[in-house]
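Structure record follows, encoded as structure tokens.
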Amino acid sequence: SGQFEFVSKVIEHMKVNDVEPDLVAYKIIISSYERMGLHDEAMNTLQELNEKGFVLDDPATFRSLLEGAEKKIDIHSGLKLYELSIKANLDNEIASQFKAMVSGIAYRSIRSMLASRRRSDAEILGLIEKVEDTITNLCLGDYQGIIWSCGPGPEDHMVAYRMLTRMPKGTNYPVSVGVCNHAMNILGKARKWEASLEIFERMLADGPVPDKDSYI
């Protein structure tokens with residue numbers, strides 16, 4: 001009912017009286033923490049829930065936690081939540097929605113790391129690998145956005161090359177001529193001529209058709 005100021009008091013009262021929360025109580029506590037903007041406390045409660053042997057299988061609670069991860073751009077809790085949601089065997093449509101949410105969190109997290117330069121390219125590549133190991137691949141638009149964010153860093157060509165070559169092939173691969181040209185430009189500036197030529201050859205074989213900028 002929105003009386004969130006009483007949540008901590010009730011939880012403490014339960015502990016004093018040796019009253020263990022059941023799964024329903026845990027879901028209410030998690031939802032309350034998220035609605036108060038206390039994402040870390042919500043994740044700690046989820047950890048406690050798991051340690052007690054409960055299995056979270058409620059899409060609404062997962063969504064609330066993922067929305068909290070989105071607000072904080074917390075990719076690590078996002079990946080953990082996605083793994084738990086897969087184990088919960090949720091509906092395929094809901095699982096796809098959660099995958100898109102986690103892909104978006106990863107996209108914003110990686111772009112932020114590229115922009116701030118507070119992380120090395122090796123760390124960024126390690127995060128990309130962890131994300132792909134967890135959710136198989138990002139959404140196509142997120143691959144494209146990350147490639148566009150590459151450029152200023154001395155080793156951004158490594159990220160651009162990985163994202164373009166790992167992008168799933170299909171009806172819209174590669175995403176656009178512009179994305180390919182941008183990646184080739186970054187690789188060229190890094191003197192990675194063979195990698196740049198590889199992308200050009202992929203364009204000739206799989207599309208999109210190179211434009212005049214592709215030859216520069």
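The values are calculated or read from the model by the stated rules, or taken from the named source; none is laboratory data. Note that the structure is predicted; figures quoted are calculated from it, not measured. A quick note on method: Cβ atoms are made from the backbone with ideal geometry, for glycine too, and the neighbour counts reach across all protein chains shown. SASA here: full protein model, heavy atoms, side chains in, ligands and nucleic acids out. Shrake-Rupley method; radii C 1.70, N 1.55, O 1.52, S 1.80 Å.
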**Item:** Peptides ranked, highest mean first, by Cβ atoms within 10 Å: ranges 139-146, 45-52
**Value:** 139-146, 45-52
**Asked** What's the local net charge at SER85, with K and R +1, D and E -1, over the other residues with C-beta under 11 Å away?
**Response** 0
**Complete:** Taking a straight Cα-to-Cα line shorter than 23 Å from LYS189, and setting aside same-chain lysines fewer than 8 residues away, one finds LYS212
**Complete:** With the convex hull built on the alpha-carbon atoms of the chain, volume per residue in Å³ sits at 137 Å³
**Item:** Overall Cα dimensions of segment 1-99 - principal axes, largest extent first, Å
**Value:** 41, 27, 24
**Message:** Per-residue counts of other Cβ atoms within 10 Å, averaged by peptide: what ranking do you get for 68-74, 11-17, 181-187, highest first?
**Reply:** 181-187, 68-74, 11-17
**Prompt:** Hey, which lysines would be in cross-link range of LYS130, C-alpha to C-alpha under 17 Å, not counting anything within fewer than 8 residues on its own chain?
**Reply:** LYS80, LYS99
**Fill in**
In degrees rounded to 10, the 0-90 angle between helix 23-35 Cα long axis and the longest Cα principal axis of the chain is 60 degrees
**Prompt:** How many percent of the accessible area of segment 85-216 is carbon or sulfur, using a 1.4 Å probe?
**Reply:** 51 percent
**Request:** For SER77, SER112, write out the residues from largest to smallest accessible area, computed with a 1.4 angstrom probe and no ligands counted.
**Result:** SER112, SER77
**Asked** Against the longest principal axis of the chain, how steep is helix 121-135, in degrees 0 to 90 to the nearest 10, with axes from Cα atoms?
**Response** 60 degrees
**Item:** Counted charge near ALA190, where neighbours are those whose Cβ lies closer than 10 Å (Asp, Glu -1; Lys, Arg +1)
**Value:** +1
**Request:** Under a cut-off of 19 Å between alpha-carbon atoms, report the lysines in cross-link reach of LYS9, not counting same-chain residues fewer than 8 places apart.
**Result:** LYS27
**Inter-part distance where segment 48-120 and segment 129-167 are each reduced to a Cα centre, Å** = 19 Å
**the chain, relative contact order in percent, only Cα pairs under 8 angstrom and at least six apart counted** = 12 percent
**Request:** Tabulate in residue order the Karplus-calculated ³J(HN,Hα) for segment 76-90, using 6.51 cos²θ - 1.76 cosθ + 1.60 with θ = phi - 60°, rounded to whole Hz; enter x for Gly and Pro.
**Result:** 5, 6, x, 5, 4, 5, 5, 4, 5, 5, 5, 5, 7, 6, 6
**Message:** Let me check against my output: what whole-number percent is the relative contact order of segment 70-176, with C-alpha pairs under 8 Å and at least 6 apart?
**Reply:** 25 percent
**Message:** Under 5 Å between amide hydrogens, which residues at least 5 positions from ASP58 or on another chain qualify, with H placed 1.01 Å from N in the peptide plane?
**Reply:** none
**Prompt:** Once both axes come from the Cα atoms, what is the angle between helix 59-72 and the longest principal axis of the chain, in degrees from 0 to 90, rounded to 10?
**Reply:** 60 degrees
